[in-house]
1. Can you give the extra length, in nm with one decimal, that the chain gains between E313 and L181 once fully stretched, where that is 0.36 nm per residue apart less the Cα-Cα distance?
2. Give me the distance in nm between label points sitting 7 Å out from Cα along the Cα-to-Cβ direction at H95 and T235, one decimal.
3. Heavy atoms of the protein only, probe of 1.4 Å, neighbouring chains included. What is the accessible area of F22 in Å², nearest 10?
4. In deg cm²/dmol, rounded to 500, what helix-only [θ] at 222 nm does the chain give when every DSSP H run of at least 4 residues adds -39500 (n - 2.57) and the total is split over its residues?
5. Ranking request for peptides 62-70, 212-220: highest mean number of other beta-carbon atoms within 10 Å first, then the rest in descending order.
6. Working with all protein chains in place, sort K322, K156 by solvent-accessible area computed with a 1.4 Å probe, largest first.
7. Only Cα pairs under 8 Å and at least 6 apart count here; give the relative contact order of the chain as a rounded whole percent.
8. On the full set of protein chains, 1.4 Å probe, figure out the accessible area of E32 and give it in Å² to the nearest 10.
Amino acid sequence: MGRPTIADIARQAGVSKGAVSFALNGRPGVSEETRTRILRVAEEMKWRPHSAARALGGARAGAVGLVLARPARTLGLEPFFAQLLSGLQAGLSVHSTALQLLVVEDTAAEIEVYRRWASEHRVDGFVLVDLQVRDPRIDVLEELGMPTVVLGGPGKHGSLPSVWADDREAMLSIVEYLAALGHRRIAHLAGLPAFQHTQRRIRALRDAAKRLGLTEALSLPTDFSDAEGAAATRTLLARRERPTAIIYDSDVMAVAGLGVATEMGVAVPAELSIVSFDDSVLARIVHPPLTALSRDTFTLGEQVARTLLAVVEDPAAAADLKTPTPRLTVRESTAMPRR
């Protein structure tokens with residue numbers, strides 16, 4: 001049997017379709033006895049309102065969308081995304097709003113989902129993550145007119161409001177700390193080069209190199225995976241003039257890099273300092289525990305949820321929100337380099 005209709009409920013309850021419409025929408029026009037009977041029949045038939053029909057009536061979907069164009073296997077390993085999703089859902093649940101999540105293969109598929117969900121009135125708005133250089137998604141979401149909040153910035157996201165932290169300032173705090181310890185050969189295992197935050201971190205390291213007297217400041221792009229993090233670390237440590245410190249754009253890569261250093265007999269932190277751009281339980285339970293940039297990612301997710309719900313309620317409420325810059329938590333994976 002297909003989706004039950006108002007006509008099916010009317011036939012089962014022995015009333016008109018108009019009476020069913022009044023009862024289901026909480027409008028006057030039927031007695032309380034009839035309303036109760038209709039609602040009971042609707043529940044027995046597991047009737048749910050059609051999203052498009054509901055939208056035509058001005059009702060909301062009660063959900064927001066998050067579409068991720070990243071390998072599902074990689075996402076499953078990242079504590080950052082687990083905490084972000086938990087915070088998002090917590091912030092939405094307070095207002096009885098669901099999070100509709102879909103993982104797709106690329107940006108083109110992501111854009112197609114935005115168009116389809118908007119046309120089907122499946123969600124009330126979107127959370128946009130992984131802001132890209134010359135991001136094609138911005139124009140599409142502005143064209144659709146859907147409430148959208150970007151996680152990332154500052155700027156380069158059109159008229160869409162954002163929640164962001166300063167990646168440049170965060171990277172500089174790492175580089176300046178390592179330079180103060182005496183490190184002059186620093187490598188950076190970056191994320192995907194198409195991402196704006198990756199480019200900001202790369203530029204921050206490059207810009208600081210001369211000012212801090214670094215002899216090497218090398219950034220290598222990766223896909224954030226443990227496999228690429230390990231492979232790139234192995235290449236760096238096999239060099240004749242290897243770096244004395246490596247900054248990793250994710251805790252998963254940093255832990256993989258620590259494993260490679262152990263495998264190759266490179267002592268951490270005596271011969272190599274390691275810093276992770278993300279902090280998590282992973283960074284704290286390995287030996288030695290990793291120096292990392294710490295922030296409350298759960299709270300960040302809650303802030304994104306609150307910001308998006310405010311824009312859904314009132315588009316004029318759209319504004320950029322700068323969150324605190326992640327702070328450097330020093331642990332035993334960093335030390336002065338050997339001379």
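1. On the way: separation 132, 0.36 × 132 = 47.52 nm, distance 4.98 nm.
That pair, E313 and L181, stretches by 42.5 nm at full extension.
2. Placing both labels 7 Å beyond Cα along the Cβ direction yields 4.5 nm.
3. 60 Å²
4. Working: 14 runs with 157 residues, N = 339.
Calculated mean residue ellipticity at 222 nm is -14000 deg cm²/dmol.
5. Numbers: 62-70: 19.8, 212-220: 16.4.
Descending mean neighbour count gives 62-70, 212-220.
6. Descending accessible area places them as K156, K322.
7. Averaging sequence separation for qualifying contacts and normalising by length gives 17 percent for the chain.
8. Its heavy atoms expose roughly 120 Å² to the probe.
The values are calculated or read from the model by the stated rules, or taken from the named source; none is laboratory data. If you're wondering where the values come from, they're calculated on a predicted model, not measured in any experiment. When we count neighbours, we look across all protein chains shown, and the Cβ atoms used for this are built from the backbone with ideal geometry, even at glycine. Side chains included, ligands, DNA and RNA excluded: accessible areas come from the protein's heavy atoms. Shrake-Rupley method; radii C 1.70, N 1.55, O 1.52, S 1.80 Å.
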